[in-house]
Structures are given as C-alpha cells and as structure tokens.
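Quick notes on the structure that follows.
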C-alpha cells in the first residue's frame, strides 16, 4: 500500500473530527472528535516517518499521545465540573464567557 | 542739553524715606490691628499724614538752601542682573518737592475732613488704612529716583484707588467702578512697562539721570516710541482720552477719595510723569504734538460732557478730566509751559479738592442725594459750604484775581504761542474750554446753591460739623490765593528741573489772551446764570443731538462697548464654543469611536465554543492554503 492511502485516511479522519467538533453539541462527543483529529495527525506523522525512513515522526506521535492523555484528564474534569454546576453537557450552554 | 546730575542727600534730607514710611506704617498698623483700633484708628491715620506734612515742610526748606536743589538717596539694591542695576533710590528735587507738599498738605486736610465725613461708617478704620496706603504709594511715585520706583508707586496708587473706589463694595455699582478703574489703568500701564523695557534696551538703565543723559543718543524713532509709551501710561492714570471713562465712574467711592485721589493727586500722576520725563519729550517734536493734541481734545471732551451731567460729583469728575487736559496741553507745549502745567496742577489740587469736599458736605446735608436738579437754595442753610464752594467756583473758572486766573490764563496764552496753525487750534480749544468750564461750573453752582428749593420736605439740610468745614475753609482760602501766590515763585523754583526759558509770544500777546479768556469766561458764566437762575426741570428735557451725545459721554462708553466689550464677549463665546465642540468634541469623539469599535468587536465573542472552533479552522485552512500557494509556486 502506498503512503498516499494512509495520508488520505488521515485527512478523512481529521475532516470528520473537525466537522464533528463544529456540529455536535454534546461535549463528550466533541471531545471524542478532538481525539479523532489528534490521532489523524498521529497517523500522518507515522506515515511520513515511514516514507522518509526516520523515526522523528514516530517520536512526535508519542509526544502527541502523551499530551492527549493529559488533555483527556483535564478536559474530562472540566466537563464534569460544568455538568455538575449546569446539569448539562452541551457546549452551547457553557456560553457565559462573552462580551 | 546740560548734564543731569543728582547730588547725594545729606543731613535731614537723607531721611526722605521717612516721608513714605510714616503713612505706610499707619496703613500697616491699622490693617494689622483690625477692629482693636476702631476707636483711635482714624486719628492715627490723620497723625501720620500730618507728621509727613511737617517733615515735608522741613525738607522743602532744607532743599531750598541747597545749591543744586537735589537730594538723592540710595536705600538698597532692588535688582541687580548682569549690566542692569536697579536701586531703591529716592530723589527729592524741586519737582518732587512741590508734589510732596501737595500730597501731604492737601492729603492732611482731606484726612481731617474724612474723620467727620466717615464718622457714621463702620469701616472708618479700614478707610483710613487704605487712605494712608494711598499717600505712601503716591509719595513713592513722586519721590522715586528711577522709573522702577515710580512704577512701584504707580501700581500702588492704582491698588489704593481700586480699594477706595470699591470701598462700599456691597454696592454693585461701586464694585464695578473699582474694577473698571483698575482694568483701564492696567491696560495703560502696559505702556509704562514697555517704556521701561525700551529704556533698559536702549540706555541700559532706569535711573532718571542716566536715562536723561543717554536720551540724546537715542534714534528719533526710539525717542518717539518712548514718548508715546509714557504718554499712554500717563493718559491711563490721568483719565485722558482715550482712557477717560473710568474717572467719572470712580465717583462711586466716598467723596474724600474723589477729592484726594481722583482730583488732587493720583490723577495728576500722568502730568508728573510727562513733566519728569521732560528731557525725553524735548527730544521729539512729534511726541510733544501728540501730548498737546490729547490735552486739547480731552479738555474739550471733559468740558462738553460736564455741561450735560446732573450728578454733582460727575460734573466735578468731568471737570477734572478737562482740567488735567489743560495740564497735558501745558506739558506738551514744552519749554516754559512745563512749569505752567505744574502750577495749574497745584492750584487745581486746592480748588478741586475744595469743590469735591464741598460737594461731600452738600451730600452729607441732603441724605446722599447727588442730583443737582434736586438741590437749590442751599446757600441759606449751609453758609460755610456755600462760601468755600464759591471760592472754588471763582478759582476754577479763572476770574481775576483768583487761582485759576494765574494758572490757566498763561496756559491759554502759551497754547496760542505755538507756531503755525497748531497754535490757533490748541489756543482755540483752550479758550473754548475756558468758556465751557465757566458755563458748567456756574450751572453747577447756581443749581446747587441758588434758585428755588427743589428738595422734598423729608430732607433737612444742615451745615456740616466743624471738622468738615475747617478743611473746607483752608482749601477755600487756598483756592482763592494759591494761584496768585504760587505763579512766579513756583516757576522760578522749578527752573533746575525744566531749564531756563524765554517767554515768547505767538498769535496773541499775553494781554490779548487774558482779555479774550476773561471775556469768554464772563460770557459763559452769565449764560449759565441766565439759563439756570430759575432752577431746572427734574426730568431731562428732550434735547437736540449734541446734548444727547454729551449726556451719553460723547459716545465714550459706546465706543468701549462696541470696540472692546462686544468683541470680547464674542471672542469669549467663540472660545467656549471651540472648547465645547472642538477640543471636547475631539476627545469625546475619540473615546466614542474607541468604545463603539470595541463594542462591535466584542460582539464576535459569542460565547459559543463551536463558532470559535469554526474561526480557528478557517484560519488554519487559510494559512495552509497560503502555504500551498507559495510552495506550489
């Protein structure tokens, strides 16, 4: 399989993720879409690492995973806190920060 | 021209500063002790001026014994900056000597009179404090040994004049009149300041002797500028055209103030300034001509307006304007006429102070009524006031052998002696002025003291107490005799200041001028007696335009209003508008623009996370697209 297919898959996953972030209201689903975008990026990194024959991309992918893990911890905590105070997990209900 | 030198003072004359210190101490004590000195304060005020008068007499006799008749004292260094060195110096010479005697002598009599006149006033002590302050400032003015000292006195008398005109400050007209006098004087004082700057620039000194000795090297234009600037200052202080409007309004002050400051002494400071600066004016024919023109114009101006006024003090005020016009005319003619101006000034000091105090006595008797249309027949009830007022009246119109005859006639003759058509114009104006003076003074006199009584029954006229009539009698005697007694000796006494001058005759001989003057004076007086013997209407009759014009001060007020007040108001309104709309508009508009923009920008922050995500994505897409474009190229 040529690397283009991986890249096309990565772009498709990223697009699905981005659209999901923008159209879905449930914060858990938005969160999952963000994970999808991150992993689409990982896939692209690993693909490039493969084509160039170096391991830089793979190392970068590990970093992304680590950051994603940390992000999940904090993000879920925030979602829990918001849910407790507002009885809602919809991102549109958390709209106090505005002019 | 001879070198001007002033010999240092010796002996008693080195105590010149004491003349100033006495009334100044009086003023300080009265102002500092406040109400505690209410009971004896007025007597302290009288005593300091009386003491100064005695001292002035002693110094005057000491001065006459000296060869060069000058006594200069340097008290201390006032300002010393680089080349410029201004000493606080005093100069007693024949000119300042006669002024000192006039100020302290007439001042003393008026102080005594004021003890009686102000007896009912709660603030009599304050009045005497200001009065002493005035005497001190006036003495600094005439005794100053350089222009700077004169200027200090000049401003000091302006301050005292302001305080005393507005003495009854609860009365709005008095407060306004005080401000008017102060402001008008301040405008004219700019001339004095500029003249001093010119002296510092051109001569490098303000000292009388150095300025006069260095004046010969000034260029023509510089001498003319110096003369005109000094003239502007003099016109302001002396109520001459175009600054005449403040002087009649100054009559809002108590009558002793009008007598001392606005008749006998302060308003003659302009004459003093020009006479003192005679070496500067002698250098420039044009400057002298301007002085003559101002004098001739003002003497007619004052006399014409004086004919149309019905307020006893205002008639006298316009008469003062007119008489000082004569003095300006005289000092403008130069040469021997300088002394004539000073002689008229001294004679005027006596008779005008007497007339003002007489008018104060009349007002005292008539419940402060000042309208001469409501007097009449007072000669029976106020014999002393009547007699002394009559003395002032014959003195001012210049009947032989009274004061005015010896002081005014020579000025008229000297005006005719000027060469060319100017002589005819100046002499004609002076002659016409004499006729008008006779007319309005006779009108005033007849309406006040003769004819049917026109006052209401609730007024009980009475003669004033002796403390008021005493000074009146002395001033009345001075009015009758001073001119005749002073004319020759004072002229000789002033020779060291003005120099020796040949008397020369121009268009008319002295005898012709005298006959002409006496004729017009008798004519004017007779006409006034004829017209006003039977009293006058109590409301002004509709009159032809010259009378209406004269009643409106010949448009002096209208000119001020049109030329200064209205443009001033417009300028003030415009600057308010510029400030409110322009300056404030820029600031407010700027803040409104910033606020509006930020409010509009703030609307982008919707609070919807998904719309933020959309903007981030679009941004990323744009960046990537831009990169692609660049990379592909």
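Brief remarks follow.
- Just one of (1) assigned to a helix (DSSP H, G or I); (2) within 22 Å of residue B:469 (Cα to Cα) fails for residue B:342. It is (2).
- Here residue B:561 passes the criteria (1) surrounded by 11 or more Cβ atoms within 10 Å (Cβ to Cβ); (2) at the interface with another protein chain (Cβ under 10 Å from one of its Cβ atoms) except the one numbered (2).
- Scoring residue B:477 on the criteria (1) in contact with a helix residue (DSSP H, G or I) (Cβ under 8 Å, 6 or more places away or on another chain); (2) over 30 Å from residue B:373 (Cβ atoms); (3) modelled with pLDDT under 85 leaves a single failure, condition (3).
- Out of A:91, A:64, A:46, one residue alone is within 14 Å of chain B (Cβ to nearest Cβ), in contact with a helix residue (DSSP H, G or I) (Cβ under 7 Å, 6 or more places away or on another chain) and within 20 Å of residue A:16 (Cα to Cα). It is A:91.
- Selection of first residues in region B:473-490 that are in contact (Cβ under 8 Å) with a residue 24 or more places away in the chain and of second residues that are outside any helix (DSSP H, G or I) and surrounded by fewer than 20 Cβ atoms within 10 Å (Cβ to Cβ), restricted to Cβ pairs under 6 Å at least 6 apart or on distinct chains, gives the following pairs, ordered by first then second residue: B:484/B:401.
- Unmet requirement for residue B:606, which otherwise passes all of (1) outside any loop (DSSP other than H, G, I, E, B); (2) within 14 Å of another protein chain (Cβ to nearest Cβ); (3) under 30 Å from residue A:75 (Cβ atoms): (1)
- Any hit, region B:177-193, residues being farther than 30 Å from residue B:563 by Cα, touching a residue at least 12 places away in the same chain (Cβ under 8 Å), touching a helix residue (DSSP H, G or I) at 6+ places or on another chain (Cβ under 7 Å) and surrounded by fewer than 24 Cβ atoms within 10 Å (Cβ to Cβ): no
- Which listed residue, of A:8, A:74, A:59, is within 30 Å of residue B:603 (Cα to Cα) and either away from chain B (no Cβ under 12 Å) or in a helix (DSSP H, G or I) (or both): A:74
- Residue satisfying condition, being out of contact with any strand residue (DSSP E or B) (no Cβ under 6 Å at 6 or more places or on another chain) and modelled with pLDDT under 90, within set B:74, B:85: B:85
- Residues within region B:199-220 that are without any contact (Cβ under 8 Å) to a residue 60 or more places away in the chain and farther than 28 Å from residue B:244 by Cβ, tallied: 7
- Set B:590, B:617, B:627, B:601: member being more than 60 Å from the chain's Cα centre (by Cα), part of a helix (DSSP H, G or I) and away from every other protein chain (no Cβ under 14 Å): B:627
- Restricting B:316, B:297 to residues that are out of contact with any helix residue (DSSP H, G or I) (no Cβ under 7 Å at 6 or more places or on another chain) and part of a helix (DSSP H, G or I) narrows the list to B:297.
- Residue that is surrounded by the most Cβ atoms within 10 Å (Cβ to Cβ) [pool: residues in region B:527-545 that are without any contact (Cβ under 8 Å) to a residue 40 or more places away in the chain and in a helix (DSSP H, G or I)]: B:530
- Checking residue B:407 against (1) over 26 Å from the mean Cα position of the chain (by Cα); (2) closer than 21 Å to residue B:525 by Cα, the condition it does not meet: (1)
The values are calculated or read from the model by the stated rules, or taken from the named source; none is laboratory data. This one's a predicted model, so the numbers in the text were calculated from it and none came from an experiment. In this analysis, Cβ positions are derived from the backbone assuming ideal geometry, glycine residues included, and neighbour counts consider all displayed protein chains.
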